[in-house]
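Each reported figure results from applying straightforward, stated rules to the coordinates on display, with no laboratory input. Predicted model, so just to flag it, every value in this text is computed and none were measured. Counting neighbours? That spans all protein chains shown, and the Cβs are built from the backbone with ideal geometry, glycine included.
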Amino acid sequence: MESSVEKAGDRAIARKSPRAPGQVLECGWCGGPVIVQVRGRMPKWCSSTCRTRASERRRAAADGLAAVKVVERDIERIKTVTVVQHHTRQVEVEAVPWPSATSDWVTAIRGLTQRVETGRVYDRDLESLAGAVNDLVGALVRRGQHR
């Protein structure tokens, strides 16, 4: 890059030119050489003919009249997919055997009584449990009357 020095009053101001004299660019229309001048705008075209043709092409393209070159190419696109999986698993639970002997029933009823007293039965279940126990007591009373 070339720098030029200008005098402004008592002090010198150094300016850098953004281009070198004789620099060559490529024409935006025909691809021919364009010589860059030291001052002024950066040229895009090698001649007024190329400038006019490029302008006509831009106007025609804006109006939809210019021929369009179709270029076919593969484009990779990343698509994120969220997959929700419902997992089911089998949990083995020990099945309490239905009591068969009277002593087993007594043990089960005493165990239930202890669970109710210690608060190991939900409050929401107490009403249905009380109904079942009342039915049991009623059956025992009726059975005792038949003897």
Percent of Cα-Cα distances greater than 14 Å, calculated over the range 79-147: 77
Span per principal axis, largest first, for the Cα atoms of the range 21-65 (Å): 40, 19, 13
Can you compute the charge dipole magnitude of the range 21-65 about its Cα centre, using +1 on each Lys and Arg Cβ and -1 on each Asp and Glu Cβ, nothing else charged? Give it in debye, rounded to the nearest 20. 140
